[in-house]
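One structure is given below, encoded as structure tokens.
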Amino acid sequence: MERSTASGFERTVTLRTRKKVLRLLAVLSAAFCLPVAGVAQTRPNGAAIDAEVSKIMTRIHAKGMAVAVVDRGKAGYVHAYGIRNAKGDPLTTDTIMYGASLTKTVFAYTVMQLVDQGKLNLDTPLKDDLDKPLPSYGPDPVFPDKYGPYGDLAGDPRWEEITPRMCLTHSTGFSNFWFIEPDQKLHIHFEPGTRFSYSGEGFILLQFVIEHGRKAQGLGLDVGDLTKANFDRLGMTRTSLVWHNGLDTNVADGWNDRGQPQAHEKRSKVRVAGSMNTTISDLSKFAAALVRGDGLSAASRAEMTKPHLHIATAHQFPLFLPDLPLSEQRKDLYSGLGVTVFDGPQGHGFYKGGHDGQTANTMVCIEASRRCVVILSNDVRSEAAFADLVGFILGDTGVPYDWEYGDHAGKS
């Protein structure tokens, strides 16, 4: 028998009844956006996680995977499985792996520190942070493709409406990247701030403003230096937004969805949409810091994971999908700042994924219990098992993997 205080009543109920109540509350929460007091699941021990990962990797033919569990805001179980390259060298907890779009969450965290310092305001248009109009800036002299071709916006005054909040909520109106546009030019596809459409380009714009903004207000800062300060503070000694590992050989290559090995790309410039290299050991420290709010004011930490912009599409990709009919929309699915937020059987949660042709990453956290699962894989096929593995470790969270992947999970 267990004691429950849900909905203001206090009585003893059987475990079976309690589960029924939680399921009912989850349904009500989804329908009416009500908060649910989450109840954490019992975490399986390391041996059970090892056995489950082994079973999953065999089933989907994945070559390498690394898993970390954060419990009550502290990094706990951290383990790596499989191999890091075609030679068969083992993947370890200190193997450098590609962070992909998990970089965006690290960047959002860094941006909120600038907000805490009064150097940025989430709702001040970016034009007010620059000394001259955005379209008048030319390419970076060292890395001409580091930022977008902002001159393309000269005939579209809507760029003046874009704010840091819009950049971090994927609502600038940009495509994911300018170079995937048919004419390879930068375009604004909808009124900024009005809807969600995934955009690394928006994050790159905010990076540009931080690095080229008005020095009188404390901008003109190197984002690589800002993130390195956080990595140093958290003891993330093998993490960086630019490749600097020299002759280090403990680096993960990858495998695409056909099982073909792919070399690790050593990115030479900081790109906050996805240039981070990290390890599972390091990233578990970041996830733990984020879920407990270390390094941010309480207000900024809450701002990162509160619902900002409702997401009404069936899936994250392809871009610019039409909204679902209202009756089919997931009512609890929102963009946070650098993360996606949701409500499920254990209450409010947030998550972020990372993907390229040979990379599959995910980070899922539950606010009430401050529990997270972080998975880095150097084999894109691992994505197909993320829902099962996260569910095995955390229990039913309601993380919206169907929206993120659709039927593309594990595909290059």
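With all protein chains in place and ligands, DNA and RNA left out, the 1.4 Å accessible area ranks LEU226, LEU102 as LEU226, LEU102, largest first.
Accessible surface for ARG233 stands near 110 Å², nearest 10, in the context of the full protein assembly shown (1.4 Å probe). Computed on segment 347-400, the Cα convex hull volume stands at 66 Å³ per residue. Shown in residue order for segment 179-185 are the 3J(HN,Hα) couplings computed by the Karplus curve 6.51 cos²θ - 1.76 cosθ + 1.60 at θ = phi - 60°: 6, 9, 5, x, 9, 6, 10 Hz (x for Gly and Pro). Between amide H atoms placed 1.01 Å from N, distances below 5 Å from GLY76 occur with VAL69, VAL70, ASP71, all of them 5 or more places distant or on a separate chain.
Phi-derived couplings, Karplus 6.51 cos²θ - 1.76 cosθ + 1.60 at θ = phi - 60°, listed residue by residue for segment 214-221: 5, 5, 5, 9, x, 8, x, 10 Hz, with x used for Gly and Pro. For segment 370-412, the share of alpha carbon pairs falling in successive 5 Å distance bins from zero is 6, 21, 32, 26, 13, 3, 0 percent.
Remark: relative contact order (segment 199-303) = 26 percent; criterion is Cα-Cα distance under 8 angstrom and separation of 6 or more residues. HIS189 exposes around 90 Å² of accessible area when a 1.4 Å probe is run over every protein chain in place. Once the C-beta distance of PHE177 and ASN121 is scaled by a Förster radius of 30 Å, the resulting FRET efficiency is 0.70 to the nearest 0.05. Of the two radii for the chain, the radius of gyration is 0.97 times the Kirkwood radius, both from the alpha carbons; that is the Rg over Rh value. Only protein heavy atoms count here; under a 1.4 Å probe, VAL67 has an accessible surface of about 0 Å². Remark: segment 313-361 is approximated by an ellipsoid whose semi-axes, taken from the C-alpha gyration tensor as √(5λ), come to 21, 18, 9 Å, largest first.
Using only the Cα atoms of segment 173-232, build the gyration tensor, take square roots of its eigenvalues as a ≥ b ≥ c, and label the shape rounded, prolate or oblate: rounded if a/c is under 1.5, else prolate if a/b is larger than b/c, else oblate. Prolate, since a/c reaches 1.5 and a/b exceeds b/c.
Name the shape class, rounded, prolate or oblate, that the alpha-carbon gyration tensor gives for segment 263-315, where a ≥ b ≥ c are the square roots of its eigenvalues, rounded holds for a/c under 1.5, and otherwise prolate holds if a/b is larger than b/c and oblate otherwise. Oblate. Considering only DSSP beta bridges where both residues belong to the chain, give the percentage that are antiparallel (nearest 5). Around 95 percent of the beta bridges assigned by DSSP in the chain are antiparallel ones. For the residue pairs LYS306/LYS352; LYS215/LYS285; LYS185/LYS269; LYS185/LYS306, the alpha carbons lie more than 25 Å apart in LYS215/LYS285; LYS185/LYS306.
Between ALA48 and GLU328, the FRET efficiency estimated from the beta carbon spacing at R0 = 30 angstrom works out to 0.25. Rounded to the nearest 20 debye, the dipole size of segment 80-143 about its Cα centre is 260 debye, using +1 on the Cβ of Lys and Arg and -1 on the Cβ of Asp and Glu.
In order along segment 394-403, phi translates into HN-Hα couplings of 9, x, 6, 10, x, 4, x, 5, 4, 5 Hz, rounded to whole numbers, per the Karplus curve 6.51 cos²θ - 1.76 cosθ + 1.60 with θ = phi - 60° and x for Gly and Pro. Looking at the chain, the accessible area is 42 square angstrom per residue; that uses a 1.4 Å probe and ignores ligands, DNA and RNA.
How big is the gap, in Å, between the Cα center of segment 203-247 and the Cα center of segment 127-201? The two parts, judged by their Cα centres, are 20 Å apart.
The values are calculated or read from the model by the stated rules, or taken from the named source; none is laboratory data. What you are looking at is a predicted structure, and each value in this text was computed from that prediction instead of being measured. Cβ atoms come from the backbone with ideal geometry, glycine included; neighbour counts cover every protein chain shown. Areas reflect the complete protein model, heavy atoms only, side chains present, ligands, DNA and RNA absent. Shrake-Rupley method; radii C 1.70, N 1.55, O 1.52, S 1.80 Å.
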